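The values are calculated or read from the model by the stated rules, or taken from the named source; none is laboratory data. Fair warning: this is a prediction, and the values are worked out from it, not measured in the lab. FYI the Cβ positions are ideal-geometry reconstructions off the backbone, even for glycines, and counts take in every protein chain you see.
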Amino acid sequence: MSYKSKVRDFPMRKSTMQSFAYCQRYFYFQFIAKVEQDKSVRMPLAEQGTDFHEASSTFYDKVKLWKEPEVEYYRTLLPYDTAIDDCYDKFAKFEVNRMQQILDLNFEPKEYFMPLANEVFVELPEQNMFGTIDRVWKSYSGYPIIQDVKPRNRKSRTSLRRELAFYIYISNEYPPLADKFGPFEHFSGYFYRDGEFWVEKCKKRTMNAMFGWLDKIDYEIVTRNHIDDWPRNTYALCMGCPFRTPWYLESEFKMPEIPTLKKIRLRDEKLQQVEGWETERPKPAKQPTKKPDGENGWKRSK
């Protein structure tokens with residue numbers, strides 16, 4: 001595949017695409033306004049993901065290839081954390097099965113079990129594109145695979161394919177990776193909460209969709225002139241958003257506050273003190289039931 005990205009005024013990363021798809025108001029705060037994040041707001045899932053990335057990347061520095069592949073041994077090379085112990089257990093089992101396959105095929109473990117590259121930062125300053133490649137593997141067929149470590153498998157892999165296509169492109173444009181291991185045409189994901197692995201070839205339409213997504217972000221940055229032009233996607237994870245505090249405190253943003261469960265309860269208690277307020281929603285009026293034989297203007301078809 002031969003592609004060439006245009007020079008972009010805005011630095012593009014995989015996190016750029018993720019944030020834009022996740023919540024455009026979050027994207028605005030993080031990349032456009034560059035608002036300081038509220039460090040007191042903890043995001044446990046994100047912290048667990050960071051811990052798993054670090055532990056799984058250092059695992060390959062500790063493992064002894066001459067030892068028998070056993071789950072008990074591989075598990076000792078990983079930390080113990082009650083929050084994600086099951087993820088480490090699944091990872092150990094997955095790697096034991098993979099090593100056993102390599103041995104059964106009479107392949108060299110150092111060549112096929114160990115990653116070709118691990119946690120590589122890729123920068124293309126001339127195109128303003130950056131990213132960190134989690135792993136580069138050598139497949140059993142000999143071609144290289146770009147891998148991204150993700151928490152869970154997705155029912156729809158459209159956005160995941162876009163993100164991995166971004167990695168394919170910047171890896172092929174980065175000489176230290178491309179000249180040594182490339183060209184890259186295959187990407188994969190390891191989903192540590194599911195213990196699953198997925199790989200496929202990057203198709204031309206996926207690469208085109210990725211560039212189209214980057215062009216859309218570029219266009220929106222140029223054409224949107226006010227914070228109100230960046231809609232927010234409100235759902236449960238908003239309570240762990242590091243930009244929650246500026247929404248409350250910075251008057252220039254004029255952001256409506258996100259109601260917490262406590263505030264909702266206080267609101268309901270105040271409403272209950274108001275005379276005539278009903279605690280239950282009024283039920284909608286029933287629609288008249290359609291009857292045959294011409295009643296209510298409806299006739300049975302013959």
Checklist line | Listing of helices (runs of 4 or more DSSP H) fully contained in the range 175-278 that carry 1 or more residues being of a type in the set (Asp, Glu) and at pLDDT 85 or above | finding: 175-181, 204-223
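Residue by residue, here is whether (1) farther than 19 Å from Thr16 by Cβ; (2) in the same structural domain as Glu47 (by TED's automatic domain parsing); (3) touching a residue at least 24 places away in the same chain (Cβ under 8 Å) holds:
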site	(1), (2), (3)
Gln127	no, yes, yes
Val136	yes, yes, yes
Arg152	yes, yes, yes
Glu163	no, yes, yes
Glu173	no, yes, yes
Ala178	yes, yes, no
Gly182	yes, yes, yes
Next item on the list: Provide a single number: the residues in the range 40-75 that are closer than 27 Å to Val120 by Cβ, modelled with pLDDT of 85 or more and surrounded by 12 or more Cβ atoms within 10 Å (Cβ to Cβ).
Entry: 15
Notebook entry, point to check: So, in the range 184-232, of the ones that are touching a residue at least 40 places away in the same chain (Cβ under 8 Å) and β-branched (Val, Ile, Thr), which residue ends up surrounded by the fewest Cβ atoms within 10 Å (Cβ to Cβ)?
Noted result: Val199
Check: Which residues, taken from the range 102-131, are acidic (Asp, Glu) and either within 24 Å of the chain's Cα centre (by Cα) or part of a loop (DSSP other than H, G, I, E, B) (or both)?
Finding: Glu108, Glu119, Glu123, Glu126
Item checked: Unique match (being in a loop (DSSP other than H, G, I, E, B), within 23 Å of the chain's Cα centre (by Cα) and among the charged types (D, E, K, R)) among Asp134, Asp81 -> Asp81
Check: Restricting the first residue to the range 21-38 and requiring it to be assigned by TED's automatic domain parsing to the domain that holds Arg157 and small (Gly, Ala, Ser), which pairs with a second residue that is at pLDDT 80 or above and in a helix (DSSP H, G or I) meet a Cβ separation below 6 Å and a spacing of at least six or different chains?
Finding: Ala21/Ser159
Next item on the list: Look at Gly142 and say whether it is without any contact (Cβ under 8 Å) to a residue 12 or more places away in the chain and among the small types (Gly, Ala, Ser).
Entry: yes
Next item on the list: Given the conditions (1) assigned to a helix (DSSP H, G or I); (2) farther than 30 Å from Phe166 by Cα, report the number of the one that Pro69 does not fulfil.
Entry: (1)
Notebook entry, point to check: Within the range 83-97, how many residues are exposed (fewer than 15 other Cβ atoms within 10 Å of the Cβ) and touching a Phe, Trp or Tyr at 6+ places or on another chain (Cβ under 9 Å)?
Noted result: 1
